[in-house]
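The values are calculated or read from the model by the stated rules, or taken from the named source; none is laboratory data. What you see is a predicted model, and the numbers here were worked out from it, not measured in a lab. Neighbour counts run over all protein chains shown; Cβ positions are idealised from the backbone, glycine included. Surface accessibility is based on the protein's heavy atoms, side chains included, excluding ligands, DNA and RNA. Shrake-Rupley method; radii C 1.70, N 1.55, O 1.52, S 1.80 Å.
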Amino acid sequence: MKGDKRLLLVLLAPGAFLALFALAGGALLWSTLEAPQRETLAGLLNERGALLVMAALGTWGLAAWLLSGLYRQYASAAAKLLEQARVRLDSDLQHEITPDGAASLRHLAATVNQLLHQRTELREQMAQKVAEASRHIDEERARLAALMSELTQSVVVCNLDGRILLYNQRAQLQFRALSSAPALAGGAELIGLGRSIYSVFERKLVRHALENIQQRLQRGAAQPAAQFVTTTAAGQLLRAMMSPVRGGEADDPSLHGFVLMLDNITRDYEEESARDQALHAFTEAARASLGNLRAAVEMLDDPDMEAAVRERFQAVISDEVQLMSHRIQELAAQSTQDMRTRWPLEDMLGADLVAAAQRRIDALPGLRASTGEIDETLWLKVDSFALLGALASLAWRLGDEYEVKVVELRLHSAGQRAHLDLVWAGPSMNTETVVNWEAEPMKTGAETSPLSVRDVVQRHGGEFWFERERARHRTFFRFLLPLASAQEQLDTATFVRSDSRPEYYDFDLFQATESSRALDDQPLHELTYTVFDTETTGLNPSEGDEIIQIGATRIVGGKLRRRESFEQLVDPQRGIPAASIPIHGIQPEMVAGQPTIDIVLPAFHKFCADTVLVAHNAAFDMRFLQLKEERTGVKFDQPVLDTLLLSAAVHPSQDSHRLEAIAERFDVTVMGRHTALGDAMVTAEVFMKLIPLLQAQGVHTLGQARELAQKTYFARLKY
C-alpha cells in the first residue's frame with residue numbers, strides 16, 4: 001500500500017473511533033434515562049449540539065495533526081529509511097542515506113552510513129587482493145582478445161544450445177555482409193552474445209556435424225572435426241569447420257560446445273564454376289575442330305585431288321590448328337591449376353555413415369532399416385548431410401508409394417570407389433519412375449529439400465542407378481561414392497589421445513541452462529534481455545502518433561552488453577509536432593529519407609528474438625508495437641518486464657517512479673536522456689539494480705516478477 005493511503009487510514013482511524021465511542025456512549029446513556037430526562041437531554045442537544053460537534057471535530061483535527069506529524073516522523077521516515085538501506089544492501093550502492101524523521105531515526109541513519117563506509121573499505125581491500133590474484137587471467141584474456149582480433153578467419157564459439165558465447169570482429173562484419181535485409185542499426189540483429197547461431201545455419205545441419213564429432217570422439221579421435229557447406233538467406237556460400245569444446249580435463253570426452261571457423265567461399269565457388277564452364281566450352285569447340293581436321297586429313301589422302309582443292313583443305317587445317325592454339329592459350333590464362341572439387345567433402349568412416357542412415361530411416365513413420373554386408377574398413381569422402389537426406393528421401397518414397405516397410409543398407413568396395421546400396425524386397429519400378437525420383441527435389445514427409453538425388457550424386461562426382469536381384473526377388477538403389485585417399489583412411493587404432501590442449505582461460509562460459517525450460521520458471525539472472533525504448537511524435541498511438549526512433553541494448557549473462565545495441569531513426573511519414581522536438585531533439589529533416597516502420601520493425605524483431613523485453617512504462621511502447629503488427633507482419637509475443645512496475649512493487653513508499661528518480665536512487669548516471677538508446681541504457685542499468693532487490697523479496701523467477709508487477713497500481717493504466 002502506498003504511503004499516502006496509509007496516512008489517510010491513520011487520520012481517519014481516530015475520528016472513526018471517537019464517533020463510534022460517542023454513539024455507543026450516547027445510546028447507553030439514552031437507555032438509562034426516564035422520559036422527562038430524555039426530553040430535557042434532547043432540548044439541551046438541540047441548543048448545544050453544534051458546539052459539541054465543533055468540539056469533536058476540533059479534537060479530531062488536533063489528534064489528526066499530531067498523528068500525521070508522528071506518522072511522518074516515525075512510520076513514513078522509517079519505511080523510507082528501510083527502503084534506502086535495502087537498496088544499498090542489495091545493490092551495492094555507496095552514497096550515504098539522507099537522514100530524515102525523528103532524532104532516533106536520524107541517529108540510526110548515521111549508524112547505517114558508518115556501516116556502509118566500513119563495508120566500502122572492506123570491499124576495496126578485497127577487490128585489491130582479487131585484482132592482484134587475477135592479474136594473470138586478465139593478461140591471458142587480453143592475449144586472447146588480441147589473437148581473436150588479428151585472425152583473418154571468422155570465429156564463433158557456441159554452447160550446445162547453439163547460443164553464441166564468443167565471436168571476433170571479422171565474424172561480426174561477415175554476418176552483416178551476409179544479410180539480405182537493408183543495412184539497419186549496423187546489422188545488430190544478426191549476431192551477438194546469447195543469440196542463436198541457427199539464425200544463420202540450419203539447425204539440422206549443425207546437429208549432424210556435432211553427431212559426427214561425437215562418434216569420432218567415441219572412437220578415440222584426439223582432435224575430431226567436421227565441416228559443412230551451406231547457403232545463407234542472402235545467397236552466400238559458407239564453409240564451416242567445426243571443432244569441439246570439451247571438458248576441462250584432458251580425458252573428458254563430454255562436449256560443452258563447439259567452435260565454428262567460417263569462410264565465405266562464394267567467390268571461390270563462382271570462380272571454379274567459371275573455369276568449369278570454360279573447360280566445357282573448350283571441349284565442345286575442340287570436338288568440332290577435331291572433326292573438321294579429321295575430315296580435311298581424310299580428303300587430303302586422295303591422290304587425284306586437284307591442287308586448288310588441296311590448298312583449300314590445307315588452309316582449313318591451318319585455320320583450325322590456329323584456332324585450337326588460341327583456345328588453349330585462353331584456357332591456360334583463365335585456369336593455372338587443375339579444377340578442384342566444387343563442394344568440399346568430409347572424410348567419414350563408412351560404417352558411421354551407414355549407422356547414421358539407419359537411425360535417420362528408423363525415425364520415419366512405418367519404416368525400419370537393417371544392415372547387410374558392411375565393409376568396416378572403408379573411409380568415404382562425402383557430404384554426409386546431403387547423402388543421408390537422399391537415402392531418407394528414397395526410403396520414404398518407397399514406403400509412401402510402394403508400401404515398403406523394411407529396407408536394408410549395404411556398403412562394400414568397388415575398386416577405387418564404394419557401392420552404397422539401399423535394398424528392399426517386394427514391388428519394383430520402371431526406369432521412368434527412377435529417373436523422376438532422381439530429378440525431383442528430395443522429400444521426406446512434410447520436409448522438402450531444394451536438392452535432388454541427382455544433385456547429391458553430382459556433388460560427389462559419382463553415379464546412381466537401380467538393379468534387380470531376380471534370384472532373391474529384391475531390388476536396390478546403388479550409389480557409387482568416392483573413397484578417402486590412402487593417407488586419410490586411418491584405422492581407429494592409430495588415434496592417439498593428446499594431453500596437450502591449449503588453454504587460454506577457464507571462463508565458465510558453457511554452463512548455460514537448457515532452452516527447453518519454460519521461461520516463467522527460469523531464474524531472472526539466467527535470462528537474456530532486450531531493453532528498449534521508443535521516441536514518438538506524441539503520446540497517443542491510437543490517434544495516429546508514430547515511432548520516430550527505436551533504441552535497444554542487451555543484457556546477457558547478467559552483464560550489460562553496450563556494444564550490442566540497436567539504434568535506428570524511423571520516417572513517421574507524418575509531421576513531428578513542434579512541442580515534442582525539445583523533448584527528444586529529433587528534427588523533421590533527421591527522419592526524412594530514413595527507413596519506414598515496415599522495414600525497421602522486422603529488423604528490430606530479429607534483434608529481440610529469444611529474449612525477454614524490458615522497458616520503462618512498457619505499456620506505452622508495447623502499444624505502439626502492437627498497433628503495427630498487422631502492417632509489418634511481425635508480432636512481439638515475448639514476455640515483458642516493466643521497470644516502472646517493478647520499482648513500484650519494490651519501493652512502494654517512494655513518491656516518484658520516473659526513470660530519473662529511480663536512477664537517482666540507484667546512483668545510475670543518466671546520459672543521453674530522451675534519446676531512445678540513451679533511455680534504453682539507463683533502463684538496463686536500473687533493471688540490473690532491481691534484480692537483487694527482487695531476489696531479496698523472494699522473487700527469483702520471471703513468472704514471479706511478472707506476477708508481482710501486475711499487483712501494482714500502475715499496471716492498471718492503459719494506452
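Does the range 576-592 contain at least one residue that is out of contact with any helix residue (DSSP H, G or I) (no Cβ under 8 Å at 6 or more places or on another chain), hydroxyl-bearing (Ser, Thr, Tyr), surrounded by 13 or more Cβ atoms within 10 Å (Cβ to Cβ) and farther than 22 Å from residue 163 by Cβ? Checked against the condition, which is being out of contact with any helix residue (DSSP H, G or I) (no Cβ under 8 Å at 6 or more places or on another chain), hydroxyl-bearing (Ser, Thr, Tyr), surrounded by 13 or more Cβ atoms within 10 Å (Cβ to Cβ) and farther than 22 Å from residue 163 by Cβ, the range 576-592 yields at least one hit.
Which condition does residue 667 not pass, out of (1) acidic (Asp, Glu); (2) part of a loop (DSSP other than H, G, I, E, B); (3) closer than 22 Å to residue 581 by Cβ, if it passes all the others? With respect to (1) acidic (Asp, Glu); (2) part of a loop (DSSP other than H, G, I, E, B); (3) closer than 22 Å to residue 581 by Cβ, residue 667 is out only on (3).
Residue 702 meets all of the listed conditions (1) under 23 Å from the mean Cα position of the chain (by Cα); (2) within 21 Å of residue 534 (Cβ to Cβ); (3) touching a residue at least 40 places away in the same chain (Cβ under 8 Å) but one, namely (2). Here 390, 369, 355 are screened, and the one residue that is in contact with a helix residue (DSSP H, G or I) (Cβ under 9 Å, 6 or more places away or on another chain), in a helix (DSSP H, G or I) and open to solvent by less than 10 Å² (accessible area, probe 1.4 Å) is 390.
Counting only residues that are open to solvent by less than 10 Å² (accessible area, probe 1.4 Å) and of a type in the set (A, V, I, L, M), which one in the range 604-635 is nearest to residue 541 (Cα to Cα)? Here the residue is 625. Note on the range 370-402: residues that are of a type in the set (Asp, Glu) and in contact (Cβ under 8 Å) with a residue 24 or more places away in the chain total 4.
Would you call residue 712 hydroxyl-bearing (Ser, Thr, Tyr), open to solvent by less than 60 Å² (accessible area, probe 1.4 Å) and at pLDDT below 85? Yes, satisfied.
In this structure, is residue 194 open to solvent by less than 30 Å² (accessible area, probe 1.4 Å), modelled with pLDDT of 75 or more and under 15 Å from residue 158 (Cα atoms)? So residue 194 passes the test. Determine whether residue 573 is among the polar types (S, T, N, Q) and exposed (fewer than 13 other Cβ atoms within 10 Å of the Cβ). Yes: the conditions hold for residue 573. Here the range 305-339 is the region considered, the condition is being modelled with pLDDT of 75 or more and open to solvent by 100 Å² or more (accessible area, probe 1.4 Å), and the residue that is nearest to residue 282 (Cα to Cα) is 322. For the range 122-164, which residues satisfy the criterion of being assigned to a loop (DSSP other than H, G, I, E, B) and at pLDDT 70 or above? Scanning the range 122-164 gives 134, 151, 153, 160, 161, 162. If you go through the range 456-481 and keep only what is outside any loop (DSSP other than H, G, I, E, B) and either modelled with pLDDT under 90 or open to solvent by 20 Å² or more (accessible area, probe 1.4 Å) (or both), you end up with 458, 459, 463, 464, 465, 466, 467, 468, 469, 474, 478, 480.
Residues that are under 28 Å from residue 278 (Cβ atoms), more than 60 Å from the chain's Cα centre (by Cα) and polar (S, T, N, Q) within the range 291-330 comprise 292, 318, 322, listed in sequence order. Taking interchain pairs and intrachain pairs at least six residues apart, which have beta carbon atoms under 6 angstrom, with the first residue in the range 282-306 and free of Cβ contacts under 8 Å to residues at least 24 places away in the same chain and the second of a type outside the set (Ser, Thr, Tyr) and part of a helix (DSSP H, G or I)? From the range 282-306, the pairs are 299/313; 300/313. Take the conditions (1) open to solvent by less than 20 Å² (accessible area, probe 1.4 Å); (2) farther than 26 Å from residue 699 by Cβ; (3) touching a residue at least 60 places away in the same chain (Cβ under 8 Å); residue 552 misses just one of them, which is (2).
Listed conditions (1) outside any strand (DSSP E or B); (2) under 17 Å from the mean Cα position of the chain (by Cα); (3) modelled with pLDDT under 85 are all met by residue 183, apart from (2).
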